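Shown next, in structure tokens, is the structure this report addresses.
Each reported figure results from applying straightforward, stated rules to the coordinates on display, with no laboratory input. The structure displayed is predicted, hence computed values, not measured ones. Using ideal geometry, Cβ is built from the backbone for each residue, glycine included, and neighbour counts are taken over all protein chains shown.
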Amino acid sequence: MSLFFYLEKGASLDPGAPCLTLDGESRSYGEVVALAEAVARALRRSGVAPGDKVGILSANDPTAFTCVFGISRAGAVWCPINPRNAAAENAELLDLFDCTALVFQPAFDDLVARIAPRLPKLTTLVRLGEGDALATGFDAWLDAARDDPPAAAAPPDDVVALVGTGGTTGRPKGVMLTDRNLEAMSAITLMSYPFEGRPVYLALAPLTHAAGVLCFPVLARGGEVVIMAKPDVGRFLALIERHRVTHTFLPPTLIYLVLGHEALDTTDLSSLQCFWYGAAPMSTARLAEALDRIGPMAQLFGQSEAPMMISTMSPAEHRRPDGTVHTGRLASAGRPSPLVTVAILDGDGTAVPPGERGEICVRGSLVMAGYYRNPEATAEASAHGWHHTGDIGFLDADGFLHIVDRAKDMVITGGFNVYSAEVEQAVLAHDAVRDCAVIGLPDDKWGERVTAVVQLRPGAGLDPGELIAFVKDRIGSVKAPKQIEIWPDLPRSTVGKVLKAEIRTTLTAG
């Protein structure tokens, strides 16, 4: 099942139904299918063969997202390029992926002009607008192939997408995702969460990441995707009410902004069936607040190498049978999903008993085909016949998965292992704290000292000694921070994850 299948399936249910909507203007399934077919013909005329790599550099945009399905129809490989990345990182990804074509928005003319001369393999540049000296205009590109035969094909190795891992741990890697990986992800989504009637999905988060792949199961149900070109929390709430949105996804950082918005409690959210959160740990206190004020929160946990659905927690699983919040589950990542096997392994690849901590490892058709042209990294990630996530966690007695840290973020202080995620949850429980990151810094006495960098809520004040005492009362003196830093904001990646490496570098240099 190529990515085009999801669009084609939705069109088979009702070709006249709204498919992609932006600023109140909708394109029907029939229109989106026709445009995707035209893109496939134009790619073929440009010399893009099945298996070739095509990058898309765009903010959230219906035409750019339609090109994903055109790439798939042509049997080429979709390479999502995040426009928020630095120019050097995007140039590195395009080179790493061996991209031969790039479709981009005019807003990124300067970026493309800077990086294109360094990318000799990039022979086709298409501008989503009028052409210029550097690139062919989108309409002219399509018109040149208008009378060409259909370009339907499948990639020779079933790889449908190449996704770049974050470069925070060294040179980025290209995750090879197959049609089967995304089919498993879509099947798990439809199995694990409520989908009543024809869904309406609101995409505020970047379509280059989680918000994009979550569109595939929505399209397979003939749903409408309402696209937001720019992040705007107030408009996000208004669109839920206006379009009777049933499904949406946000990372915790944006959910915190939703909870702080003055319009939240007066917005009609009754249409929501499933408000996904993920991509980073969420404060259990803020999650409980979201369950009360927003409603059907739903967790997902995955990574680029096993997209989105390693474990899931539906809205119903957040509550007890009597409707009260199941507070004991809020710190978990849900249960391993139906098509994935999860094990907690020690360093020798041996499974540990329930409740004991080790590396979260997974098997199943959700797991990537490997890293592009990087057999060493592929072998390392798949040691002992399991995909190694790099996350430390445990399975509790009820089978719920708990993620306690990234392996590289564990702090060893005074001979004790301290998991930063546990400390962060304790810090986030303080009313004055909006967000925080916990790291270990070198210390002559302790080896590493637990250090919390804190972002306060607007207008709040906080004494560091008070916060240390607050955390000690909850998790004890060993795990409590020895150092508190209060910053106006935390450095974040393009998808909202806190950049601990950057925090560590700043504090070490200071």
* Greater than 24 Å apart at Cα, pairs in LYS445/LYS472; LYS445/LYS497; LYS173/LYS500; LYS53/LYS173; LYS173/LYS230; LYS173/LYS479 -> LYS445/LYS497; LYS173/LYS230; LYS173/LYS479
* Give the calculated FRET efficiency between ARG180 and ALA351 to the nearest 0.05, with a Förster radius of 30 Å applied to their Cβ-Cβ distance. => 0.70
* To do: Would you work out the charge dipole size for the range 24-176 about its Cα centre, treating the Cβ of every Lys and Arg as +1 and the Cβ of every Asp and Glu as -1, and quote it to the nearest 20 debye?
  => 360
* Asked: Once amide H atoms are built 1.01 Å from N in the peptide plane, which residues 5 or more positions from VAL160, or in another chain, come under 5 Å H to H?
  -> LEU177, THR178, ASP179
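Diagonalise the Cα gyration tensor of the range 207-274 and give the resulting equivalent ellipsoid semi-axes, square root of 5 times each eigenvalue, largest first, whole Å.
20, 15, 10
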* What does the helix-only formula give at 222 nm for the chain: each DSSP H stretch with n ≥ 4 adding -39500 (n - 2.57), the total divided by the residues, and the result rounded to the nearest 500 deg cm²/dmol? -> -9000 deg cm²/dmol
* Structure fact -> The answer for the net charge of residues other than ASP14 whose Cβ lies under 15 angstrom from its Cβ, with Lys and Arg +1 and Asp and Glu -1, is +1
* To do: Could you list ARG41, ARG221 in order of exposure, starting from the residue whose Cβ has the fewest other Cβ atoms within 10 Å?
  => ARG221, ARG41
* **Square roots of 5 times each gyration tensor eigenvalue, C-alpha, the range 410-509, largest first, Å** => 20, 17, 12
* Structure fact -> Per residue, the convex hull enclosing the alpha carbons of the range 249-303 has a volume in Å³ of 72
* Please tell me the relative contact order of the chain in percent, rounded to the nearest whole number, where contacts are Cα pairs under 8 Å and at least six residues apart. => 11
* What order, most packed first, do the peptides 343-356, 365-378, 301-314 have when packing is the mean number of other Cβ atoms within 10 Å of each residue? -> 301-314, 365-378, 343-356
* Formal net charge of residues neighbouring ALA238 (Cβ-Cβ distance under 15 Å; K, R +1; D, E -1) -> -2
* Pairs of alpha carbons in the chain whose separation is greater than 32 Å (percent) -> 43
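With Cβ to Cβ distances under 13 Å as the rule, what net charge do the other residues near ARG44 carry (K, R +1; D, E -1)? Intermediate values should be presented prior to the final figure.
On the way: positive: ARG41, ARG45, ARG73, ARG146; negative: GLU37, ASP52, ASP147, ASP148.
Local net charge: 0.
Report, in debye and to the nearest 20, how large the dipole of the chain comes out about its Cα centre when Lys and Arg carry +1 and Asp and Glu carry -1 on their Cβ. If you can, show how the numbers build up before the last one.
On the way: 45 positive and 60 negative charges, 44 e Å.
Here the size comes out at about 220 debye.
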* Spread of Cα-to-Cα distances over 10 Å intervals beginning at zero, given as percent, for the range 24-176 -> 12, 43, 36, 9, 1
